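Visitor: Dropping a structure here in structure tokens format, bear with me for questions.
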Amino acid sequence: IHLKTGQTKYDNILKDKKIIITGGSEGIGYAMAKKFIDEGASVVITGRSEEKLNSASKKINNQNLHTIKWDVSDISLLKTNISNCIELLGGLDVFINNAAYLAHYSREIDFYDKTMDTNLKAVYYICNFVSEWFVKNNNDLGGKIINISSINSYQSSAHPYYISKSGLNAITRGFAKEYANKNIIINGIASGYCCSSINLIDVEKNAFCDISKNRRIIVPEEIAEIATFLISDAANGIVGQTIV
């Protein structure tokens, strides 16, 4: 299968938006960073690998892109690293929780803990910290948070990744409800099977996907399109939703 995809060209719809993306050095995070910058935003991408961050920075090659090395599963560094990102940007309008951990299924405690710490626990505390930052610093302007979930969150499995993403959807709904009256808009995107590095699929060779109902893979740029709309002021009436 070969894909036919397109991109919406806005007129700098994200002009002057200040955005943080976790797990932004490749895949969905990288595609979002590139799209957001193309639409006028300033972006900080974070990731576990300095090498991958440097590579992403060179490819995007724009002064509005900044990088910070950060493994979000280390909760002790959460406040410091978010504060450093905000300082680089000179403020914050949007936070994208995109970092994720997926490995071969194992019932070992370490595997379970790493999955939950990255995909669920970190997102919970980031949503809490960022929402409170918006309240204290952005006044009535509020801010936006997007949580990147997965189609797996709607499927039953004992795999920790599925469980963590299901919990992530609950975090999205819960925090959206709590902070909606502060003009803090929180939504999610549940990607289908995507050709990001986490799934080890080369879409240039074949976009066929035998476990997807429409028999095709999703590309990161398609997720970036949805995200761009959701974080723009065109979507301020959409609250607490996870778009599959």
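Visitor: Please state which of the following conditions D11 fails to meet, knowing it meets all the rest: (1) over 23 Å from C195 (Cα atoms); (2) touching a residue at least 60 places away in the same chain (Cβ under 8 Å); (3) not polar (S, T, N, Q).
Guide: (2)
Visitor: Which of the residues spanning segment 138-156 are touching a residue at least 60 places away in the same chain (Cβ under 8 Å) and not in a strand (DSSP E or B)? Give the derivation first.
Guide: Applying the first criterion (touching a residue at least 60 places away in the same chain (Cβ under 8 Å)) to segment 138-156 yields 144, 146-149, 151, 153-154.
Answer for segment 138-156, where residues must be touching a residue at least 60 places away in the same chain (Cβ under 8 Å) and not in a strand (DSSP E or B): I151, S153, Y154.
Visitor: Out of D110, D38, D93, D16, report the one residue that is touching a Lys or Arg at 6+ places or on another chain (Cβ under 6 Å), acidic (D, E) and either at pLDDT below 95 or within 21 Å of G143 (Cα to Cα) (or both).
Guide: Criteria check complete, one pass: D93.
Visitor: Considering only residues that are more than 22 Å from S232 (Cα to Cα) and in contact with a Gly (Cβ under 8 Å, 6 or more places away or on another chain), which ones fall in segment 120-152?
Guide: L120, I151
Visitor: Given (1) under 18 Å from L230 (Cβ atoms); (2) touching a Lys or Arg at 6+ places or on another chain (Cβ under 9 Å), where does K69 come up short, assuming only one miss?
Guide: Just one mismatch for K69, condition (1).
Visitor: Select, from E39, E108, the only residue that is among the acidic types (D, E) and either exposed (fewer than 13 other Cβ atoms within 10 Å of the Cβ) or out of contact with any helix residue (DSSP H, G or I) (no Cβ under 9 Å at 6 or more places or on another chain) (or both).
Guide: Just a single option satisfies the conditions, and that option is E108.
Visitor: Sticking with this structure for a sec: Considering each of F134, F95 in turn, give the residue that is of a type in the set (F, W, Y), part of a strand (DSSP E or B), under 29 Å from K17 (Cβ atoms) and open to solvent by less than 10 Å² (accessible area, probe 1.4 Å).
Guide: F95
Visitor: Filter segment 60-81 down to the residues that are more than 22 Å from D113 (Cα to Cα) and touching a residue at least 12 places away in the same chain (Cβ under 8 Å) and list them by number.
Guide: I60, N62, N64, L65, H66, T67, I68
Visitor: Tell me which residues, restricted to segment 171-207, are assigned to a helix (DSSP H, G or I) and at pLDDT 95 or above.
Guide: Correct list: I171, T172, R173, G174, F175, A176, K177, E178, Y179, A180, N181, K182.
Visitor: When only residues in segment 42-67 that are open to solvent by less than 20 Å² (accessible area, probe 1.4 Å) and of a type in the set (G, A, S) count, which is farthest from G91 (Cα to Cα)?
Guide: A56
Visitor: All but one of (1) exposed (fewer than 13 other Cβ atoms within 10 Å of the Cβ); (2) farther than 24 Å from N128 by Cβ hold for G90; which doesn't?
Guide: (2)
Visitor: Give the number of residues within segment 111-131 that are open to solvent by 70 Å² or more (accessible area, probe 1.4 Å), over 25 Å from I19 (Cα atoms) and of a type in the set (K, R).
Guide: 0
Visitor: Could you grab me the full set of residues in segment 225-240 that are touching a helix residue (DSSP H, G or I) at 6+ places or on another chain (Cβ under 8 Å) and surrounded by fewer than 22 Cβ atoms within 10 Å (Cβ to Cβ)?
Guide: The answer is E225, F229, A235, I238, V239, G240.
Visitor: Can you spot a residue in segment 159-181 that is small (G, A, S) and under 20 Å from I19 (Cβ atoms)?
Guide: Checked segment 159-181: at least one residue is small (G, A, S) and under 20 Å from I19 (Cβ atoms).
The values are calculated or read from the model by the stated rules, or taken from the named source; none is laboratory data. As the structure is a prediction and not an experimental result, all values here were calculated from the model. We place every Cβ from the backbone using ideal geometry, glycine too, and count neighbours over all the protein chains shown. These area figures cover heavy atoms from the full protein model, side chains too; ligands, DNA and RNA do not enter into them. Shrake-Rupley method; radii C 1.70, N 1.55, O 1.52, S 1.80 Å.
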